[in-house]
Amino acid sequence: MRCTVGGVTDAITVSGLRKTFGRTVALDGLDLTVRAGEVHGFLGPNGAGKSTTIRVLLGLLRADAGTATVLGRDPWRDATDLHRSLAYVPGDVVLWPTLTGGETIDLLGRLRGGIDEDRRRRLVERFELDETKKGKAYSKGNRQKVALVAALASGVPLLVLDEPTAGLDPLMEEVFQRELAALRDDGRTVLLSSHILSEVERACDRVSIVRAGRIVDTGSLDELRHLTRTRVHAVLEHAPSAEEVAGWPGAHDVTVEGDEVRCSVDAEHLGTLVADLGRRGVTGLTVQPPTLEELFLARYQGTGSTDRERENEAQPA
Amino acid sequence: MTAATAPTAPATPRIPVATRLTGFGQLLRLAWRRDRILVPSSVLGLVLFSVGSAQATLALYPTDAAATAGLSSVLANPAVVALYGPASAQSADALAVIKTVMLGAFLVGVLGLVVVRRHTRTEEDEGRLELLGAGVVGRWAPLAAAVTLATAAVVAASVLSALGLAALGMDPAGSAAFAVAWLTGGLATVGIAAVAVQLASTTRGAGGLGFGALGVLFAVRAVADSADPGTVLHGLAWLSPLGWAGRVEAYGANRQWVLVLGLLALAVGVLVAVRVLDHRDLGAGVIPVRAGPRRAGAGLAGPLALVTRLARGTIVGWAVGMVLGGVLVGSLLGAVTDMSGDPAIRDLLEKMGGGAGGLFADVYVATEIHFVAAAVAAAATALVLRLVAAERTGQGEVVLATATGRVRWYTAHLVVPVVLTAALLALLGAVVGLVGPTVTPDAPTFGESVGATLAALPVVWLMTGVAALLAGALPRFAPFAWGVLLASFLVSEVGPLTDLPSWLLDASPFTHLSTLPAGSFGWVAALVLTAAALALMVAGGVAYRRRDVA
C-alpha cells in the first residue's frame, strides 16, 4: 500500500542531480526517491554529498543539472510555499545567543505557519528540555533538542532531518526513535540523513546509500540484504571434504576446522547450503543476515577513501 | 554559567607562569596567520592617514606663519578642540597633525580592541578555544597571544607613522611624541579590551563593553579639553587615555613621559584580566547569561521581528550614544558662538564640512553631523552584514527552511538599519535642538536641527546600500563594505583641506552631504543619492535571490 501526500505518491524525487563547488564535484548524477509515508534512511560517510543534497531539496542551493521535486514542487522556484509543508533540522544547530530555547521553538513554529501546542508541550517534556536557557548556554545536545522539538511539533507532512541525533545521549536517542515511529504511524514522510547505522536500521523503511555524490544502492533493508551474503557457522557430525566444499554453489570464504564450518553465502543459495549441511548432521547452526554495517561496508570496501576518489575525479590528470 | 568568583571557590593552586603560558608561541603564530591581511592593511591605512594628511597640510601651509594665520585661531575653538583635541603649538608641524593625533589614537585603539577580541572572546564563544584549551595550551596563553599581537599592531602603526612624519622633514622629537600619543591611547585600549573580553560572556557583549568604554573616554576627554585650561574640568582629561594622547602635545610640549601612563594602563588591564581569567570557567564571563522567558512574546513572529529583536542591544546602545552626543554638541554651541567674529575661523570650518553662509553655530553643527553620519552609517553596515554572518553560522539556513522567502529575509536586514538610521539622526537632531537654544540664542531651532540631521540620511542610506549589494551578491567580500565606508569618510574629511583630485572627492558620498543647517538643502543631490541607495539594495536583493545560500 502506498500513501500519498498532497496527492503525490512520491514525496521526493530526484534524478541526475549534479552540483559542483569550484572543482569539487559534490553531487554527480544523484537519483533518489522517497515514497510518501515512509521513513527513508539517507546513508553515507562524511563528505559523500548528504548535506548538499538536502540543501538542494530545501531550495538553498541551485543544482547545476538534474531535477528535484519535493511534494510535487520545484524546491528552487517554490521554496517558500514548499517550506510550509516541511520541517528541517540541520546537523549542526546554531541558535540565536540571545533568544531562549522556548522563544526559538515558538519563532520557528510561527515562521513555518503554526505549531501544535499539545505536541509542543509533550515533546518539551519528553526531551526534558529547559526552555528558559539562552541559546548561548545550551550544550550541543540541547541545541539539537530545541531544533527537534520545533520540527517535530509542527504538523507538516515532510520532515528533513540531517544527522539529528549527533549530540543526543542514548536516553534521548530512544525518545527520538519513539517519536520517529509515531511520525510514521501518523503517515508522515521523513528523510533521515545519518551515519549512525543502528538508528537507521531500526527506524527506516527504506534506505539509500550515497557515495561520492551518487546513490550506490537503494531499497528496503530486506532488498539490500538480498544483495549481500549471509554468514553461516555450523558444527557438523561429518565435516565436508575440500572437494565437497568447492561444489557448494554461491558459498565464499569457506573454512573447515575440525567439525566447524564457516562461510558466507549468497542469499539465493542459502536454502541449498542449509539443506546440504542438514544431511551432514548439524549439532549447532548460526545463520546471521548481514547487518546494515556490513551492507554499508560492502558498498565501500576496496574503493579506498571516497574523498580521495572524488578529488581524483574533480582534477583530471 | 556564573563565573567561580564566589569566596567558596577553591584557590587556584600555584602554577608556574611558564606553564600557564605554554603554547604562547604557537598561538601567536596562529593569530598572525589569521590576521596577516587585517593587521598589516589596517596599519598601512593608519600610516597613510597620518602621513598623508600631514603632507597635504604642509603643502598648503608651508611656513609657521602661514599655518598660524590660516589655522590656529580656528583650532583654538573649544568646539573644534572637543573633536580633535587641543592644538599643541602655533606651528606648521603641530597643525599638520591636529586632525590625526586624536582621531588616530582612537582608531589605533579600535584596531587593538578588535584584534584582542577576535583571538579571545570570539574564539571562546565559538568553541574553538575549547578545542585548543584541551591541548597542551596554558590558561594564559590565548590572552597573552592576543594582547601581544594587538600591542605589536599598535606599536607598528605608531612608530611607522612617526618615521613617516620625520621623513617629511618634521621635527624628530615632535614625531616621537606623536608616536607616544598614539601608543598611549592604543596601549591603554588594549588593556581595556583585555578586561572587557574577560567580563562579558559573549563576543557582542565584549564589543559593547569595549567600544562603550572607548566612547565614554572620548566624551570625557572632549568635555575636559573644551573647558578652560586651569579649571578642574580641564584636568579631567587626565582620567581618559585619549586625554593623555592630547596632553602629550606632540610638536609642542612633547611630553614623552606620558607613554608611562599608557604602559601602566596596559599592565593594569592585563593584570586584572589575568586575575579574572584565573577565577572563571571557560566560556563564562563575570557578567552571567541569565535565564529568559519560556515562551516567545506575541510580537516575535516573522523575520522583521526576529532581526529587530536580535538588534535590540545595538539599538539601545546607539540611542544612548545619540542622546549623549546631542547633549555634548548642543552644550558646546555657546562656546562656538563666542568665536564667530573671526572670518578665518568660518572659512576653515566651512572647508571642514560645513557649508557657506549661515550662522557660525550652524556651520559647527553641520561639521558635527559629518562625523555622526559616518558613525550611523557604520551602525547600518554592521546590521546589514548580519545577513552574511547568519549565513555563515547556519542560522539563516534554519530561517530560510521555513516559509520565510529570501526576499523577506533580505529585506528585513535592510528595513532595520534604514529605519534605525533615520530614528537615530532624528534623535540627535532633537536633542541638539532642545539643548542648543538653552545655551545660546544663535543655536539652530528644534526644527532646523532635526531637518539638518535628517538631511544626512541619503548618504547614510547609500552606504547601507553598498553593504547590502555586497551581502546580497558577494557575501565573501561583504567585509569590504567597511573599507568603502572608511575610505569615503576619510577622503571627505581630509580632502577639502588638501589638494586631493576633485574626482576623488566627488566619488565620496560624504562630500555630497547637505550643509544644513548652515547652507541649503540640495533636493536633487538628495534624490539622486536616495535613488542610488535604493538601486544598490534592489540589485543586492536580485542577486541574493539567485545565488546559493549555504
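The numbers here are math on the coordinates, done by the rules we state, and not lab data. Since this is a predicted model, take the numbers as computed values, not measurements. Positions of Cβ are generated from backbone atoms using ideal geometry, with glycine treated the same way; all protein chains shown enter the neighbour counts.
Can you tell me, using C-alpha contacts under 8 Å and at least 6 residues apart, the relative contact order of chain A as a whole percent?
On the way: 602 pairs, mean separation 61.4, N = 317.
Reported as a whole number, the value is 19 percent.
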Query raised in the report: Among A:Val282, A:Val175, A:Val124, which one shows the biggest mean-square fluctuation in a GNM of chain A, springs joining Cα atoms closer than 10 Å?
Result: A:Val282
Report task. Taking H placed 1.01 Å from N in the peptide plane, check which residues at least 5 places from B:Gly522 or on another chain put their amide H under 5 Å from its amide H. Result -> B:Thr515
Query raised in the report: Under the definition of Cα pairs under 8 Å and six or more residues apart, what whole-number percent is the relative contact order of region B:23-287?
Result: 25
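Ranking B:Thr148, B:Thr189 by Cβ neighbours within 10 Å, fewest first, what do you get? Kindly include the intermediate steps, with their values, before the conclusion.
Details: B:Thr148 19, B:Thr189 32.
Placing the least packed residue first, the sequence is B:Thr148, B:Thr189.
Would you order B:Ile98, B:Ile37, B:Ile369 from fewest to most other beta-carbon atoms within 10 Å of each residue's own beta-carbon? Don't jump to the answer; show the numbers that get you there.
On the way: B:Ile98 26, B:Ile37 8, B:Ile369 30.
Ranking B:Ile98, B:Ile37, B:Ile369 by Cβ neighbours within 10 Å, fewest first, gives B:Ile37, B:Ile98, B:Ile369.
Can you list, largest first and rounded to whole Å, the semi-axes you get for region B:23-287 by taking the square root of 5 times each eigenvalue of its Cα gyration tensor?
Three semi-axes, in Å: 36, 20, 13.
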Report task. List nothing, just return the count: lysine pairs in chain A, 8 or more apart or interchain, with Cα separation under 23 Å. Result -> 6
Report summary line: Put in order of increasing Cβ neighbours within 10 Å, starting from the fewest, A:Asp186, B:Asp278, B:Asp362 give A:Asp186, B:Asp278, B:Asp362
Report task. Please report the Cα spread of chain A along all three principal axes, rounded to whole Å, starting with the longest. Result -> 72, 51, 40
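Around B:Ala206, what is the net charge, scoring Lys/Arg as +1 and Asp/Glu as -1 over all other residues with Cβ under 9 Å from its Cβ?
Working: positive: B:Arg117, B:Arg121, B:Arg204; negative: B:Asp125.
The answer is +2.
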Report summary line: Log10 I(q)/I(0) at q = 0.27 Å⁻¹ for region A:229-289, from Debye over equal alpha-carbon scatterers, is -1.29
Query raised in the report: Where the eigenvalues come from the Cα gyration tensor of region B:352-471, what are the semi-axes √(5λ) of the equivalent ellipsoid, largest first, in whole Å?
Result: 37, 13, 10
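Shape call for region A:38-101 from the C-alpha gyration tensor, a ≥ b ≥ c root eigenvalues: rounded (a/c under 1.5), prolate (a/b greater than b/c) or oblate?
Numbers: a/c = 1.77, a/b = 1.25, b/c = 1.41.
In terms of gyration-tensor shape, oblate.
Would you mind giving the average projected area, over all directions, of the Cα convex hull of chain B in nm² with one decimal? Mind dumping the intermediate values first?
On the way: hull surface 107.3 nm².
It is 26.8 nm².
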Query raised in the report: Under 5 Å between amide H atoms, partner at least 5 residues away or on a different chain: which partners does A:Asp217 have, H built in plane at 1.01 Å?
Result: A:Ile209
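Over the Cα atoms of the protein assembly as shown, what is the Rg over Rh ratio if Rh follows Kirkwood? List each step's numbers first, then the result.
On the way: Rg = 33.8 Å, Rh = 31.2 Å.
Rg/Rh: 1.09.
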Requested in this report: Would you mind checking which residues have amide H under 5 Å from A:Gly29's amide H? H placed 1.01 Å from N; only 5 or more apart, or other chain.
Outcome: A:Leu17, A:Arg18, A:Lys19
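Once you wrap a convex hull around the alpha carbon atoms of region B:147-246, what is its projected area averaged over all directions, in nm²? Intermediate values should be presented prior to the final figure.
Working: hull surface 29.6 nm².
Projected over every direction and averaged, the Cα hull of region B:147-246 covers 7.4 nm².
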Query raised in the report: Hey, what did chain B get for relative contact order, percent, Cα under 8 Å, at least 6 apart?
Result: 15
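Over all directions, how big on average is the projection of the convex hull of the alpha-carbon atoms in region B:304-550, in square nanometres? Present the calculation step by step, with values, prior to reporting the outcome.
Working: hull surface 53.0 nm².
Result: a mean projected hull area of 13.3 nm².
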Report task. Report the local net charge at B:Ala298: Lys and Arg +1, Asp and Glu -1, summed over other residues whose C-beta lies under 15 Å from its C-beta. Result -> +1
